[in-house]
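To keep things clear, I will list the structure first and then write my remarks on it.
The values are calculated or read from the model by the stated rules, or taken from the named source; none is laboratory data. Quantities reported herein were computed from a predicted structural model and do not represent experimental measurements. Cβ: placed from backbone, ideal geometry, glycine included. Neighbour counts: every protein chain shown. Each accessible area value is taken on the protein alone, full model and side chains, heavy atoms only, with ligands, DNA and RNA left out. Shrake-Rupley method; radii C 1.70, N 1.55, O 1.52, S 1.80 Å.
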Amino acid sequence: MMTNHSPLSYSNLFTCKPVRAGIAALLLIIIASCGGAPARPPEPAPAGERPTGFPSTILRPGASPAVPVTAPTEIETQQRYENPAKDLIKIGRYLDAALLLSELAASVESPQRQEYQLQIASLLLQGNYLLQAEQILNEINVANLDNSFHIRKTLLTAQLSLANQHPDMAVTQLNSISGLIKNARPELQKDFYNKQIDAFYAKKDYAGSAIARQSLNTLINDEAQILENQEIILRDLQELGASEISALTNKPFDKTMQGWITLAYIAKTAGDEQQAQQQIDQWMEKFPDHPVNLSILKTIIGQQPEALGRPAKIALILPLKGRFGKAAQAVQDGFLATYYSQKDDAHRPVLKIYDEGDDPRQIQAIYQQAINDGAEFVVGPLNKDSVNTLIQQSEFPAPVLALNYSETAQAPNGNFFQMSLSPEQEAKQVAEHAWLDGHHKAAVIIPNTAWGERVFAAFRERWEELGGEVVEHQTYDAQKSDYGLPIKKLLNLDESEKRADDLKRVVNTNFEFESRRRKDVDMIFMGAFSRQGRLLRPQLRFHRAAEIPVYATSHVYSGTLQPNMDRDMNDVKFSDMPWTLSHSKSNNELKSRIEKLWPDSSQRYMRMYALGIDAFNVISELNRMRRNQFSSYQGETGLLYLDVNNRLLRRLVWAEFVDGKPRILDKF
C-alpha cells in the first residue's frame, strides 16, 4: 500500500522541551492519520517572495527548523502566528490553524501555554478531529490556574462528549462546574447553559432543557432573543404529555420555573378561549413577577381569528383522473375510511366529492360550486398548481384545507390552511436530526432530478442555518445502477487516484496503491428512493465510507417489510410517518381494514392513505391549533402543528435499518 506523506515536515515545528513535547507529538499523529484530507498551508515561497508575517518555520522535508528558543514578542506573536491562524480559521482550515498555535504554545510558559492549548482543542473540535481533541484536552494541566481555565476545559470536554453522542456524560461533566459557573464571565455562563440545553435535548430531557434555557434567559439582553428563548422554553415543556407536566409542578423548582411549568400545562390543556383567559388570570395572580413576555400569554389565550364552526357539509376536491388519479384515489379512500369509522352518526357531516380535473385554472370555479352546494368546509385541492391558483382568492366563505403547499410568498387568508407530505420539510428534519446527533460536516448525494434539487436546497438551507457545512455534493442518474463515479467524486477518491497516477508517471514505476477518502465528512445525506438507496448504500461501503453515518428521507423506505432487499441499507437512519412504521395490525384497526379493502394500492400509496386520514381528523383540531401555536395533533402522518402561515407541519418518527427492517430510534 502506498503511504501518503505530507509535503511539509511538521515534526520540525516544535521544541524538544519535555514539558511541551506532548502536544507536538499529538498533532504529528493528526497529520499522519489524516491521509492528506485536510487542506495544509502552502509551501513557503523563496525568502524574497514569502508573504509578510507567514511563519518561516513551516519547512520542506529536511530543512533546518527555525524554532524560537525564547518567547516571541507580542508583535511577533501576532505577525507570525495569530494573524495567519485567524486567516486559516476564516476559510475553515482548523487543523492548520491549530498547528500554528501549537508552535506558539511550545514557546511560552504557563498560563499562556494552557491558553493556546485550549484554543487548539477548540479548533480540533470545530474541525471534527475528535480523538485528537480528546488527547490534547488530556494534556492540558489547569491545576493551580484561575478557575476560568478549569471551566473552559470542562466546557470543551462536554462539547467532545456531545460530539461523540454521549449526552449523559456531558451532563455529568457540566454538573461538575455548576458551582463555579455562577461567578464566571457572562460568555462562559452562556456557553455553559447552551451546552446544557444541547445535552438535555439530546437526552429528550425537555424539562432539563427548559431549566437551562431559563438560566440562559437572565443573560440575554436583546428583546427579540429573549422572546425567542422564552417561546422555546414553553415549546420544550410541551414536548411532554399533560400528565408529565402536571407531575413537574410537585417538584422543588424555583418560582420562575414553576411559573413556566404551570403555563405549559395551561397551554397544553386549555379547552377554549374563555377557559384559557380564566386560567391565565389565575396564573398572573400566583406569579406576578414572572419574566414571561406578554405576547406569549396573548398567544395562549388565543387572540386569533374567530373560531371555525363545526361543518355540517364538507366538500372533498381531488384530481381523480389523469396523472394524479391513483394517488388522489388513495387520499379519497383514506378520507372515506375515516369518515365512515366515526361512531357519532348523528353529527357526521354530509360529504360531497368533486373532481379537481387537470386544469388548475378551473379550481376557483369548482370551489365556488362547492360553496353554492352548501359546503361549509373544503378539503383540497391536491395538485400544487391548483393550490397556487386557489390561494389567490381574497376571501374564503368556507375554510379550505389544501393538500399541498402553495409556492406563493404572500400570507394566506386566515381561513386557508395547508398540509402536505413535503419532501423539502423532511430534508430539513434530516438536517436538524443529524445536527442534534453531533454532526457538522455533510456530504450530499442526490439524483439529478428536479426532486433532487428541491430536497438538496431545503437540506442545505436548514443545515447552514444550524451552523453546519456542506463540504461536497454530487448527483447521480437515478435510471442507472452503478453510482461509482459520483461516489468517488463525493469522497475525493478520484483525486486520490489521480495523485497516485501522477506519481507513477513521475517515478516511472508501478506500485501498490490504496486510495484514501476525504476525512472532513462526518455524515452523508443520501437523497434516494428505495431502489436507488439499496444500490447506493453498499456502493458507499465499497468506497470506504462504511463508517460514515448515512441519513435519508422517508422515500428511501418502500413502506413494506422486505428484509432481504433492505439488508444492504443497514445503519441508514431515516424519518417516516407513524402509519408507515407501524407494522402491528392489532394496534391499528383502521389500517387493517384499509389493507383488507385495498390490498394493492394500500401498499403502493400507503402514505397517501395516511394523508387522507389526517385530512379528515385534523378538521376538528384546527380551532385549538391556531388559537395556541404551541399545541399539536398526533396524526398518522406525524405530529402535526400549525406555523404562522396556517401550514400544518409534521414532526416525523426516526428509524434505522437493522437486519433489513426499520427499528424505531425514538418517538420524535
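No solvent, one uniform scatterer per C-alpha: report log10 I(q)/I(0) for segment 517-648 via the Debye equation at q = 0.13, 0.14, 0.20, 0.21 1/Å, two decimals.
-0.70, -0.78, -1.11, -1.16
What accessible area per residue, rounded to a whole number of Å², is obtained for segment 373-461 using a probe radius of 1.4 Å?
33
Binning at 5 Å from 0, report for segment 604-664 what percent of all alpha-carbon pair distances ends up in each bin.
Taking all Cα pairs of segment 604-664, the binned fractions are 4, 17, 22, 21, 14, 10, 7, 3, 1 percent.
Take each of the peptides 89-96, 417-424, 278-285, average the number of other beta-carbon atoms within 10 Å over its residues, and list them starting from the highest.
417-424, 89-96, 278-285
Counting only protein heavy atoms, what percent of the accessible surface of segment 516-668 is carbon or sulfur at a 1.4 Å probe?
Within segment 516-668, the accessible surface is 50 percent carbon and sulfur.
For segment 451-465, just list the computed ³J(HN,Hα) in residue order, Karplus coefficients 6.51, -1.76 and 1.60, θ = phi - 60°, integers in Hz, with x standing in for Gly and Pro.
Whole-Hz 3J(HN,Hα) from phi for segment 451-465: 4, x, 5, 5, 5, 5, 4, 5, 4, 4, 4, 5, 4, 6, 4.
Of all the accessible heavy-atom surface of segment 160-299, with the other protein chains kept in place and a 1.4 Å probe, what percent is carbon and sulfur?
Working: 3320 of 7030 Å².
Heavy-atom surface of segment 160-299 belonging to carbon and sulfur, 1.4 Å probe: 47 percent.
Please state, as a whole number in µm²/s, the translational diffusion coefficient that the Stokes-Einstein equation yields for segment 389-451 at 4 °C and 1.567 mPa s, with Rh defined as the Kirkwood radius across alpha carbon pairs.
The diffusion coefficient I find is 88 µm²/s.
Given segment 131-188, report the % of alpha carbon pairs whose separation exceeds 13 Å.
Counting pairs separated by more than 13 Å, the tail of P(r) holds 61 percent.
May I ask you to give the solvent-accessible area per residue for segment 74-150, in square angstrom, as obtained with a 1.4 angstrom probe?
Details: 3380 Å² over 77 residues.
Heavy-atom accessible area per residue stands at 44 Å².
Between segment 170-231 and segment 451-474, how far is it from one alpha carbon centroid to the other, in angstrom?
Centre-to-centre (Cα) distance: 28 Å.
Describe numerically, in nm with one decimal, the distance between label points set 7 Å from Cα along Cα→Cβ at Gln275 and at Leu145.
Using points 7 Å along Cα→Cβ, the separation is 5.7 nm.
Over segment 170-296, average the accessible area per residue using a 1.4 Å probe and give it in Å², no decimals. Intermediate values should be presented prior to the final figure.
Values: 6360 Å² over 127 residues.
Dividing the accessible area of segment 170-296 by its residue count gives 50 Å².
Highest mean first, how do 525-538, 243-256, 385-398 rank when packing is the count of other Cβ atoms within 10 Å averaged over residues?
Numbers: 525-538: 22.2, 243-256: 13.1, 385-398: 17.1.
Result, highest mean first: 525-538, 385-398, 243-256.
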